[in-house]
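Below is one structure; the comments refer to it alone.
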Amino acid sequence: MTASPGIRVGVLISADDEILMERLRLDDRGDWDLPSLALMEGETLAEAVVRVMDVVCQIHEGVCGPFIGWQESFGVSAGPHWVYMVFRGVDLTTTGALAQEQATGDQLSESEAQPSPPPETRWVSAYELTDLRTRDGLVEFLSDQAIIDTVA
């Protein structure tokens, strides 16, 4: 009997035409992916999004935004079968900084408008994303969802 697929909750956090990415250390490849964690028993999807933002991204004031889509991943070398449920994550600290800039007209420094990502995460432009080694199917998924321009 084969095991049922696991559910991972992925979070898309974007700012200034860049996407926050997480470096996976599941194997020697070190692929990049959207920040994600496995759904815990009894946890809602919205709670999992907030947990990913807090634990992986170190964004302590975040909320779950709209559902973007789902994607299957079979892992490397017939590894685990995962179903990724991807949601937009809303960083309330960044949103607040941008609202402050719009309200006061004061230009915020880049570090105030876009917080520094924690280790093993980084901001990546859509152009740069196509050159990174990413989890299989991620770039195509982001393209299909109109998050990045269509890839050829």
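FYI, it's all coordinate maths here, none of it is from the lab. All values derive from a computational prediction rather than experimental measurement. So basically every Cβ, Gly included, is an ideal-geometry build from the backbone, and we count neighbours across all protein chains shown.
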Checklist entry - For Thr130 and Phe74 in one chain, what is 0.36 nm times their gap in residues minus the Cα-Cα distance, to one decimal in nm? => result 18.1 nm
Checklist outcome for this item: Label model pair Met40, Thr93: point-to-point distance (7 angstrom along the Cα→beta-carbon line) in nm is 2.1
Next on the checklist: Quick query: amide H of Gly10 versus all other amide H atoms, modeled in the peptide plane; which residues come in under 5 Å with a sequence gap of 5 or more or a different chain?
Outcome noted: Met85, Val86, Phe87
